[in-house]
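Below you'll find the structure, written out as structure tokens, and then a few comments.
Derivation of every value follows stated rules applied to the coordinates shown; laboratory data play no part. As the structure is a prediction and not an experimental result, all values here were calculated from the model. Every residue, glycine among them, receives a Cβ derived from its backbone with ideal geometry; neighbour counts consider all protein chains shown.
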Amino acid sequence: CTQRPTHIPVIAMANSSHYFIFTMQNPDDRKKIVKATGMPQFMEQPGGHNFWYWKVGMQNPVLAKLKL
């Protein structure tokens, strides 16, 4: 769990299997997630209480909403 994926070592990203992507203001952070997952949807900000969920093997990420 991090707010700055650009500082995560590549080995940690390569061994991750589940991703919960909330709003990331820095485009470099979003680019690193896209590069690690191959999911270009992560360049889009989910906004509000929404987030992207993706696990290895899924064709596309799911846009979900955090219920408070």
For residue 49, what charge total do you get from the other residues with a beta carbon under 11 Å from its beta carbon, if Lys and Arg give +1 and Asp and Glu give -1?
+2
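At most 16 other Cβ atoms within 10 Å and a DSSP loop assignment: could you name the trypsin sites (Lys or Arg not before Pro) in the chain that fit? The partial results should precede the final answer.
Working: sites: 30, 31, 32, 35, 55, 65, 67; in loops: 67.
Sites meeting the loop and neighbour criteria: 67.
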Taking 0.36 nm per intervening residue step and subtracting the Cα-Cα distance, what contour gain separates residue 53 from residue 13 on full extension?
12.9 nm
Under 20 °C and 1.002 mPa s, how fast does the stretch 5-65 diffuse according to Stokes-Einstein, given a Kirkwood radius computed over C-alpha pairs? Answer in µm²/s, whole number.
184 µm²/s
